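A quick write-up on the structure given underneath.
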Amino acid sequence: MSLPIKLISTDFDGTLFAEFENPPVPRKLQEMLANLQAQGVRWVINTGRDLSSLLETLGRSHLSVKPDYLVLVEREIYMRKNNEYIPHTEWNDACTRAHAELFRRVRGDLHALAAWVHKRFPAIIYDDVFSPFCFIADKLADADKIHEYLNTYCETVPHLTVVRNDVYARFSHDAFNKGSALAEIGGRHGIGSNHTFAAGDHLNDLPMLSRQYAHYLVAPHNAIDTVKATVRNQNGYISSFSQGHGVADGLEHFLR
């Protein structure tokens, strides 16, 4: 295959998918992805959503093309087999064990961390099956300050990191993220970072928006400034189009 791109990784909300548009994934992009898949390129949706949320939204979107892989909650890998997505058991089991061990070490500190946040901000603190400490801030400025405080705490706990998107964030293990999951998928097919394309718009996309994991980097017009700067500083492409239109523009740019 002579194409320079052999593996495509796209964030979902705000990058591939726009709820307010009809269709929410541009037809041009769907056609491009289908054409590239027909030539052997593999496509990954790399998202913070869980499986049921993503599949329900994909179903409502009536896409004409299906991703070959899903990376869910920024770390779990699922592979398409016919019309089903099955877990990459070896990776997902290792991910689950690593998070369980990490979260056991921090559980004793969670009450104090929540108390610090509640004393200063009207944020919602909760736990779920993916993390024992998650927050939803009232506004971006509050999220920035909480994020900064939690980052300082993470410096005291090996492998603990904060995964954030807009006003939402959660604790996670730094070895399992959108970038490392993408590398695992590429490794299954002998595809290195030099043949990998990645597009994203927010902070949780930064791990995959790195030359370590992808040579062809794209930020759509609606991406936050931090993402645009990260992509620009690595000679990536900043599209003048938003969401899926920007991804299509980025693919055209690098395949031209």
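Where a number appears in this text, it was derived from the coordinates with a stated rule and is not lab data. No experiment lies behind these values; they were computed from the predicted model shown. Backbone-built Cβ (ideal geometry, glycine too); neighbour counts: all protein chains shown.
Measuring from centroid to centroid over Cα atoms, what is the spacing of region 1-67 and region 190-256 in Å?
Each part reduced to its Cα centre gives a spacing of 15 Å.
For the chain, give me the percentage of DSSP beta bridges that are antiparallel, rounded to the nearest 5 percent.
55
Under unit Cβ charges (Lys, Arg +1; Asp, Glu -1), what dipole magnitude, rounded to 20 debye, does region 92-173 have relative to its Cα centre?
The dipole of region 92-173 has a size of about 160 debye.
Rounding to the nearest 20 debye, state how big the charge dipole of region 67-215 is about its Cα centre with +1 on each Lys and Arg Cβ and -1 on each Asp and Glu Cβ.
160
Before rounding to the nearest 500, sum -39500 (n - 2.57) across all DSSP H runs of length at least 4 in the chain and divide by the residue total; then give [θ] at 222 nm in deg cm²/dmol.
Mean residue ellipticity, 222 nm, calculated: -12000 deg cm²/dmol.
Hey, what does the equivalent ellipsoid look like for region 49-175, semi-axes from the Cα gyration tensor as sqrt of 5 times each eigenvalue, largest first, whole Å?
With the √(5λ) rule applied to region 49-175, the semi-axes are 30, 19, 10 Å.
Between beta-carbons, use under 13 Å as the cut-off and find the net charge around Val129, counting Lys and Arg +1, Asp and Glu -1.
Around Val129, the surrounding residues sum to -2.
Can you tell which of Pro158, Leu36, Ala114 lies farthest toward the positive end of the dipole of the chain, using +1 and -1 charges on the Cβ of basic and acidic side chains (Lys, Arg; Asp, Glu)?
Farthest towards the positive pole: Leu36.
Based on the mean of other beta carbon atoms within 10 Å per residue, what is the order of 146-158, 123-135, 238-250, most packed first?
Per-residue Cβ counts within 10 Å, averaged per peptide and sorted highest first, yield 238-250, 123-135, 146-158.
Describe numerically, in nm with one decimal, the distance between label points set 7 Å from Cα along Cα→Cβ at His189 and at Arg105.
In this crude spin-label approximation the distance works out to 3.4 nm.
For the chain, what is the charge dipole size about the Cα centre, in debye to the nearest 20, if Lys and Arg each add +1 at the Cβ and Asp and Glu each add -1 at the Cβ?
Using only the charged Cβ atoms, the result is roughly 400 debye.
Taking one equal scatterer on every alpha-carbon of the chain, how large is log10 of I(q)/I(0) by Debye at q = 0.11, 0.12, 0.13, 0.17 1/Å?
Scattering profile of the chain, log10 relative to I(0): -0.59, -0.70, -0.82, -1.34.
Compute the signed sum of charges (Lys and Arg +1, Asp and Glu -1) over the other residues within less than 12 Å, Cβ to Cβ, of Gly40.
Here the count lands on +1.
Please tell me which of these pairs span more than 28 angstrom C-alpha to C-alpha: Lys28/Lys139; Lys28/Lys178; Lys28/Lys145; Lys6/Lys228; Lys81/Lys228; Lys119/Lys228?
Exceeds cut-off: Lys28/Lys139; Lys28/Lys145; Lys81/Lys228; Lys119/Lys228.
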